[in-house]
Amino acid sequence: MARAGKPAPALAAAGLAAIATLPGVGPQMSAKLAERGLETLQDLWFWLPRGYEDRTRLTPIRALQSGVAAQVEGTVQAVERGFRYRPQLKVALADESRGTLLMRFFHFRSQQANQFQPGTRVRAFGTPRPGQLGLEMVHPSYRVLGDEDAGLNDRLDPVYPQLEGVTPATLKRLIGEALKRLPGEAELELLPADIARALELPALREALLTLHRPPADADLEALQSGHHPAQRRLALEEMLAHQLSLRRQRIAMQKHAAVKLGASVRLAERLRASLPFALTAAQDRVFAEVRDDLAQPHPMLRLVQGDVGSGKTVVAALAALLAIDGGHQAALMAPTELLAEQHYNTLRAWLEPLDIHVAWLAGKVGGKARAAVLQAIANGEARLVVGTHALMQEGIVFHDLALAIVDEQHRFGVQQRLALRDKGRAGEDDASSRVPHQLVMTATPIPRTLAMAAYADLDVSVIDELPPGRTPVQTIVLTSERRPELVERIRAACAEGRQAYWVCTLIDESDEVIAQAAQGTYEALVAQLPELRIGLVHGRMAARDKQAAMLDFKAGRIDLLVATTVIEVGVDVPNASLMIIENAERLGLAQLHQLRGRVGRGATASACVLMYQSPLGQIARQRLETMRETSDGFRIAEKDLELRGPGELLGTRQTGLAAFRIADLARDADLLPQVQRIAGHLLKEDAACAERIVQRWVGGAARYASA
Ligand code: ADP
Ligand code: MG
């Protein structure tokens, strides 16, 4: 990547000055701020409030509304110090509106309690909630008014995200100092003037000042919800920075050479002919897209999206065969060992009859076996290498890697995805080095808008069709009280020769605790269903035992598999037609959809029972409803986006996106077309400007990606 220009000179002088240059900032304070990434004045300018408090006016106590934060002023009527369950202080306030409000404190010092005497005037800010005797505020911020006339604020009060070890007052002061050094509009603005003008949003300087110190008449509701034009101005620039950073990665990547593949399709044709099924039209189309890319002398960067069960693996296998047919190697990496192993078994069954050596590499492969695999990878004997993250480690040297396939890419970070690229063939110099083509696959369908932002560096193909003969999965939502009926249902299904999953979920627990819970469920089911062969898989088991249990299940030697969510991705056992998910209310939509995708893979009618623990929260109820209503991954993703927001949808590992500070892709999606347009323009016309914008917003995060 061209090391484009330095920051604009004025910014270097003002914005990039260290926070330590502000009055009263010692080394200790600097260090604390640096821990949170706050190093320069510019970092403080862009450290925006997470909310606002309106202390510009007083609300009559009688007009208070439950749940709506407000400021009141009143006279203390009564004070009570009590010790019900725990010490507490109750102070009743009344004002001219003849309303009464109770302030309640659980943590307080005697001195604090003593300031409240009947007759004292107090101004308090808080969120009133219904209490036993009308509205009350718990731990409001307040101040006791003296004789002097205390004026009201003329601006909304910003509330900043908390920083450990820095008091809110100090942080406010520092931001205030930094803002005093905010340069003029012309110096601050990075966008070319004509583009900035065309945005029809406030100028950057004005936007920052508005957000740090909104005037009393600012639209508080818009500010609180992130819809204020000042916020949109910043969100747009932030999204632009990410878009630019991804697209620059792509441009840089495509400058590398890659080997042209596809001169012979003999092996691919032989695999197709040997499959027990014909490709769907969608698989055919996507494979053709991949084949076109592979024929180019620069690396393919393609994402294949396809719902659970749409048949991505076979497309990957066909692509791998194009590489192998040309005398090169291919690698397929999966996020879990279970999934990688399953791919290994599938691909071996498909490719070994074609005399292709498929190798297996996971972290746990050690000793002599490892040495042998590494050698086969290095001397080219291994034509396709399947494995986990272990594939990316240093010391794994490919003989001639031409295609890197990453399955379930949302489970990997961008960084990990890029690491495989470096496994290409090193040449004497840049010109003779080659990077592998990249094919990434995901079963997490994401809405189009989000895809535009998240995968700006990739071309996207969609397998939008399921293989024929699948019967839709019936989804049933039940309370856990009906567990005994489910046990009977499993008994009946297995008596007919079908197989079932019982999925145990616990969120935010250690592997250990989850494993214990699964073990407990397993034992209970063994006791209740003595005639069934029951297996168990969880994350704490040895890989060999896990694999043995999975193989037994796949081969029909086990009727019921008790499992944790380790089976979430990719596991493929077509005869399994019943799935029970315990505590389904704890899982997100994407995860539920993935799990449910484990059934309905054969011709038998399948069912998925979502068992929940009452009472159900509002969001959990909506999730389960959604699951019952649709099996369309894209609709589920839309709903997920609505319920959870994009950060979670893509997983925190999507480093590029999780890093959004201001923008919210769900809320600000309508800005994306504009963002794309501007990005395209800048990349063509003004690379230095693009660089400055990326530096401001993405900074170090983009550095690793520079190719
Ligand atoms: P996913 O897209 O979820 O990774 P898989 O590649 O695991 O899906 O495929 C799911 C199942 O469908 C596998 O058993 C696979 O062999 C089968 N399959 C794939 N393509 C077809 C097809 N065109 N017709 C019938 N079955 C297919
Ligand atoms: Mg898959």
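The values are calculated or read from the model by the stated rules, or taken from the named source; none is laboratory data. Remember, predicted model here, so these are calculated numbers, not experimental data. Cβ: placed from backbone, ideal geometry, glycine included. Neighbour counts: every protein chain shown. Surface areas here come from the heavy atoms of the whole protein model, side chains and all, with no ligands, DNA or RNA. Shrake-Rupley method; radii C 1.70, N 1.55, O 1.52, S 1.80 Å.
Pairs of C-alpha atoms in the stretch 45-163 farther apart than 18 Å represent 53 percent of all such pairs. By how many degrees, 0 to 90 and rounded to 10, does the Cα axis of helix 672-685 deviate from the longest principal axis of the chain? For helix 672-685, the angle is close to 80 degrees. Per residue of the chain, the DSSP helices (runs of n ≥ 4 H) give a summed -39500 (n - 2.57) that works out to -11500 deg cm²/dmol at 222 nm. Seen through its C-alpha gyration tensor, with square-root eigenvalues sorted a ≥ b ≥ c, the stretch 258-313 comes out oblate because a/c lies at 1.5 or above while a/b is not bigger than b/c. Among the listed pairs LYS368/LYS423; LYS368/LYS554; LYS260/LYS423, those whose Cα-Cα separation exceeds 25 Å are LYS368/LYS554.
A 1.4 Å probe run over the chain, with the rest of the protein chains in place, finds 45 Å² accessible per residue.
Extension gain, VAL265 to ARG121, is 43.2 nm, computed as 0.36 nm per intervening residue step minus the present C-alpha separation. Averaging over all projection directions, find the projected area of the Cα convex hull of the stretch 144-197 and quote it in nm² with one decimal place. Projected area, direction-averaged: 6.9 nm². Relative to the longest principal axis of the Cα atoms of the chain, helix 511-528 runs at roughly 60 degrees.
Between the helical axis of 543-554 and the longest alpha-carbon principal axis of the chain there is an angle of about 70 degrees. When the alpha carbon gyration tensor of the chain is reduced to an equivalent ellipsoid, the three semi-axes, largest first, read 52, 37, 21 Å. Run the reach check for LYS546 against aspartates and glutamates, Cα to Cα strictly under 19 Å, same-chain hits fewer than 8 apart removed. What comes back? Straight-line reach from LYS546, under 19 Å: GLU337, GLU341, ASP511, GLU512, GLU523, ASP559, GLU568, ASP572. Bridgeable aspartates and glutamates around LYS90 (alpha carbons under 13 Å apart, same-chain partners fewer than 8 residues away excluded): GLU80, GLU136. The length gained by stretching the chain between ALA495 and ARG586 to full extension, at 0.36 nm per residue less their Cα-Cα distance, is 29.7 nm. The shape of the stretch 511-650 can be summarised by an equivalent ellipsoid whose semi-axes, obtained from the alpha carbon gyration tensor, come to 27, 17, 15 Å from longest to shortest. The alpha carbons of the stretch 103-261 stretch over 84, 40, 31 Å along the principal axes, in descending order. Take the Cα of GLU164, step 7 Å toward its Cβ, do the same at VAL487, and the gap between the two points is 4.6 nm. All Cα-Cα distances of the stretch 475-538, cut into 10 Å bins from zero to the largest, leave 18, 49, 30, 3 percent in each bin in turn. DSSP beta bridges confined to the chain are antiparallel in about 35 percent of cases. Measuring r between the beta carbons of ARG621 and GLU531 and using R0 = 30 Å, the FRET efficiency lands at 0.25. Expressed as a whole percent, the accessible surface of the stretch 494-601 that belongs to carbon and sulfur atoms is 47, based on a 1.4 Å probe. In this label model, SER141 and GLN28 are separated by 2.4 nm, measuring between points 7 Å along each Cα→Cβ vector. Does anything in the stretch 555-589 have its amide N under 17 Å from the 7 Å Cα→Cβ label point of ALA349, and if so which residues? Answer for the stretch 555-589: 555-558, 570-577. Any chance you could check the Cα centroid distance between the stretch 503-553 and the stretch 666-700 for me, in angstrom? Taking the Cα centre of each part, the stretch 503-553 and the stretch 666-700 sit 48 Å apart. Straight Cα distances below 29 angstrom link LYS639 to the lysines LYS312, with same-chain residues fewer than 8 positions distant left out. Counting 0.36 nm for each residue step from ALA295 to HIS227 and taking away their Cα separation leaves a gain of 19.9 nm.
Net charge of the neighbourhood of ALA263, taken over other residues with C-beta under 13 Å away and scored Lys/Arg +1, Asp/Glu -1, is +2.
The reciprocal of the average 1/r between distinct C-alpha atoms defines the Kirkwood hydrodynamic radius, which for the stretch 171-315 equals 20.5 Å. Each residue, ALA603 and GLU523, gets one label point 7 Å from its Cα in the Cβ direction; the gap between the two is 4.2 nm.
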